[in-house]
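Notes for the one structure printed next.
Every number in this text was worked out from the coordinates using simple rules, so none of it is lab data. This is a predicted model, so every value here is computed, not measured. We place every Cβ from the backbone using ideal geometry, glycine too, and count neighbours over all the protein chains shown.
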Amino acid sequence: MLPPTTHARTQRWRGPGLRNVGRAIVTIGGLILLWQAVVWATGVAPYILPAPRVVAVAWLGRPDYLLTNAAVTAAEMLLGLLFGGALGAASAILIASLAPARRWLMPVLVVSQAVPVFALAPVLVLWMGYGMASKVAMATLIIYFPVAAAFLDGLRRTEPGWLDLAQVMTQNRWAIIRTVRIPAALPALASGLRVATAVAPIGAVIGEWVGSGAGLGFVMLHANGRAQTDLMFAALATLSALALITYFAVDWGLRRALPWQPETVLDETRS
């Protein structure tokens, strides 16, 4: 038997997760119906906007091709999440802890978002080649800022009373950061990782558009050049499904790894 609080928390993990998946399915179904309605109402040519059935036939005609390229894009996204998340978290800790690091790294944070991503993609391909490295670097750059910004905000908003108590117990600044500020900022880090997961496909696909030999961006680019609009939409649908699966997987993992959230406390108080 699980303790009451553990059982309630487990139900909360299952409940919101299932509801979110259900909402996503209903939303996707509604968008498909709206898509079909637009095709019927406008009579648009299939080479401009193919009907959902045409896209489904194109996908079923080449599933191995699409899934193989989806695996390449997924690897680029996951590696970008790994490197971008680690780099962003480390930068946030340094900025919050050391004044010299704050002076040096804050401009990097700003510049990472001020320079257009499309301007960096050709340079990264030139430096790193047409393989996976340039796409992972592009995804890392896009993911870096939301993780660093969210985690830094969480580190700066640590409850002052907790810091006062920690300073009474120890004067070691790094011990306070490790035992108080970082644990208190983990919900903010989780929020940053969720945002980063949502934008991760952008970096990978942009890198594939600039230059690559595989990936869903590569499929879309070549299908567009050959006027295979149905295949291009099939690749886009695969990318959308991949993005949704990745987001829900990361969200589920974060809820399991970081069960404490502000809303959890409120729910336990009300119950």
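Potential lengthening of the chain between residue 126 and residue 42 amounts to 25.9 nm, from the contour at 0.36 nm per residue minus the alpha-carbon distance.
Along region 241-246 the Karplus relation, 6.51 cos²θ - 1.76 cosθ + 1.60 evaluated at θ = phi - 60°, assigns HN-Hα couplings of 5, 4, 5, 5, 4, 5 Hz to successive residues, with x for each Gly and Pro.
Computed from the C-beta positions of residue 26 and residue 258 and an R0 of 30 Å, the FRET efficiency is 0.60 to the nearest 0.05.
Please give the FRET efficiency for residue 94 paired with residue 133, using the beta carbon to beta carbon distance and R0 = 22 Å, rounded to the nearest 0.05.
After rounding, the FRET efficiency stands at 0.30.
With a simple spin-label model that places each label point 7 Å from the Cα along the Cα-to-Cβ direction, the separation between residue 209 and residue 102 comes to 3.8 nm.
Karplus-derived 3J(HN,Hα) values for region 52-64, using 6.51 cos²θ - 1.76 cosθ + 1.60 with θ = phi - 60°, are x, 5, 5, 5, 4, 5, 5, 5, 5, x, 9, x, 4 Hz; glycine and proline are entered as x.
Only Lys, Arg, Asp and Glu carry charge here, each on its Cβ (+1 for the first two, -1 for the last two); on that basis region 49-270 has a dipole of about 320 debye about its Cα centre. A Förster radius of 22 Å, combined with the Cβ-Cβ distance separating residue 157 from residue 114, puts the computed FRET efficiency at roughly 0.30. Taking packing as the residue-averaged number of other Cβ atoms within 10 angstrom, the listed peptides 215-225, 44-54 run from highest to lowest as 215-225, 44-54.
Estimated at 0.36 nm per residue, the fully extended path between residue 178 and residue 87 surpasses their Cα-Cα distance by 31.0 nm. Whole-Hz Karplus values for region 98-105 come out as 10, 4, x, 5, 4, 5, 8, 8 Hz, taken residue by residue from phi with 6.51 cos²θ - 1.76 cosθ + 1.60 and θ = phi - 60°; glycine and proline positions read x.
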